[in-house]
Every structure is written in C-alpha cells, then in structure tokens.
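Chemist: Handing you this structure, nothing more for now.
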Amino acid sequence: MKPITVLVSASGAPGTAALLRALRENGERDVRLVGTDMSERSIGRHLCDAFHLVPAGADPGFADAILDVVEREAADVVLPQSSHDLEGLAAHRDRFPVPVLVSSPETIRRSNDKAESYALLHRLGLRAPEFRRVEGAAGVEAAARELGYPDRAVCFKPVFSSGSRGFRILDPSVDRAHQLLYERPGSVAMRLEEAVELLPERGVDLLVMELAAGGERTIDGIADGERIVLGHPK
C-alpha cells in the first residue's frame, strides 16, 4: 500500500508514545510521522521522523501553524492528540488540503460539556448516572443530598475538564487519618463538608452525579460522519 505521512499534534501528550509506536508498527504500510508540540521537550521530538514547535492549541495562530507544517512536510492527514487542539483545528478544517480528524465545532463543544453529554444520553433513553449541573459550594451540597448523600457516595467534577482534573468522590465514611498516614498523596475521596469548605460560591460550573462503580471500557472510534469505520476497545 501507498506510504503516508501522518501529522500528530500534541505529540508530547500522555499516551502518545504508544500511539506513535502503533502507527509505526501498523503492519499495513510505511508511515512517516511528523510531530508537533508547544514544548521543546515533547517525546515526539525523539519518536517522530520530523518535529516542529507550534503555539498552544488555544492560540489564534495555532491552525495556521499546523497548516504550514502540513504543506512543508506534505502530510496526508492530521491526527490531534490533545483536547486543547480540537476547537482550533475544527474551526479551520475546511482550509486544510488533507483530512483533519476532528468533529465539527458544535459537536466538540457538546462533547466537552459533560453535563450536556449526560443530558443527551438521557434523552436517547440510554442508561446513564443521574446528575445535576450546579455552581458553587451550596449547589454541590444541595445536589449531593438530592442524589443520596450521605446514605451513598456521589461524585463531582468540573463540567469542562480532562485527565480527571477536579474529580472527587464525596464519601462520608472517609477516614482522614488513614488517608494522611497510609494512602498515597492525591486521594480523590473526601467528605462533603470538606468540599463545601474549599469550593467558591461562584465561578465554575460543576457536575454532581451518581457514583458509577465497576469495570470501565473505553472505545476509540473514528467515524466518517455517518458510521464508525474504525473502533478500538480497551
């Protein structure tokens, strides 16, 4: 099959080293890898055939910088690896002479809004945790009690976040002394009163929801606008 050149943005993002290796060892065709990142210390500098520094994904000049690399390196496709790159690329994907593997700006906005994503699941009749979209400490406290706290644990996180940033489990049975002395730093469990003490009254939209326990299955899918053409469960 014809060799292709893949531009991988945010080539220093977590998990990208495994992705680059998988692209290289695909067993189907030769793949030339071009990495971009905002950091000179990106792992992509060492694992890709070519590497370019570009602005951050939120920078107004980000899309132009990626387009310039596409043209200079004769890339066949753009594969972004950070959620921070998606909106900037989606807004300008029609300017690119090659496929940019991102959804429409509206789809990205709705997907990044966790509360809107859960609301869509409920409208479609799919099983999903009960949730409340709130703001501030008082909102979290009221929602947690509506969802069953303290009889059962609930959780909360920012509506817009990634990488488990801001995720906390509200559990009245938390042993703070045990956490301090025997658990690794960064425990996600805390009592509701601790969260209320720390949270501001205004400013950040938060998602308070039932705590879903059990196994987790993630599926990475690539679609053509109508159907999934490639899906990988993990």
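Chemist: Filter segment 13-38 for residues that are within 18 Å of residue 88 (Cα to Cα) and either assigned to a loop (DSSP other than H, G, I, E, B) or β-branched (Val, Ile, Thr) (or both) and give the result.
Modeler: 13, 36, 38
Chemist: Another question about this same structure. Scanning for something among the charged types (D, E, K, R), in contact with a helix residue (DSSP H, G or I) (Cβ under 9 Å, 6 or more places away or on another chain) and either farther than 26 Å from residue 19 by Cα or outside any strand (DSSP E or B) (or both), does segment 140-147 turn up at least one residue? Lay out the reasoning, then the answer.
Modeler: Let us first name the residues in segment 140-147 that are among the charged types (D, E, K, R), namely 141, 145-146.
Add one more test, that the residue is in contact with a helix residue (DSSP H, G or I) (Cβ under 9 Å, 6 or more places away or on another chain), and what stays is 141, 145.
Add one more test, that the residue is either farther than 26 Å from residue 19 by Cα or outside any strand (DSSP E or B) (or both), and what stays is 141, 145.
Looking for residues that are among the charged types (D, E, K, R), in contact with a helix residue (DSSP H, G or I) (Cβ under 9 Å, 6 or more places away or on another chain) and either farther than 26 Å from residue 19 by Cα or outside any strand (DSSP E or B) (or both), one finds at least one in segment 140-147, hence yes.
Chemist: Only one residue in 76, 113, 94, 85 is touching a Gly at 6+ places or on another chain (Cβ under 7 Å) and either modelled with pLDDT of 95 or more or more than 19 Å from residue 2 (Cα to Cα) (or both), so which one is that?
Modeler: Matching residue, one of 76, 113, 94, 85: 85.
Chemist: Can you name the condition, by its number, that residue 64 falls short on among (1) surrounded by fewer than 18 Cβ atoms within 10 Å (Cβ to Cβ); (2) within 19 Å of the chain's Cα centre (by Cα); (3) of a type in the set (Asp, Glu)?
Modeler: Here residue 64 meets the rest and fails (2).
Chemist: In addition: Which count do you get for residues in segment 138-152 that are surrounded by fewer than 19 Cβ atoms within 10 Å (Cβ to Cβ), of a type in the set (A, V, I, L, M, F, W, C) and within 14 Å of residue 191 (Cβ to Cβ)?
Modeler: Of the residues in that region, 0 qualify.
Chemist: Tell me, which residue of segment 39-54 that is free of Cβ contacts under 8 Å to residues at least 40 places away in the same chain and assigned to a loop (DSSP other than H, G, I, E, B) is farthest from the chain's Cα centre (by Cα)?
Modeler: 49
The values are calculated or read from the model by the stated rules, or taken from the named source; none is laboratory data. Please read these numbers as outputs of a predicted model, since none were measured by experiment. Methodologically, a virtual Cβ is constructed for each residue, glycine included, from the backbone with ideal geometry; neighbour enumeration extends over all protein chains shown.
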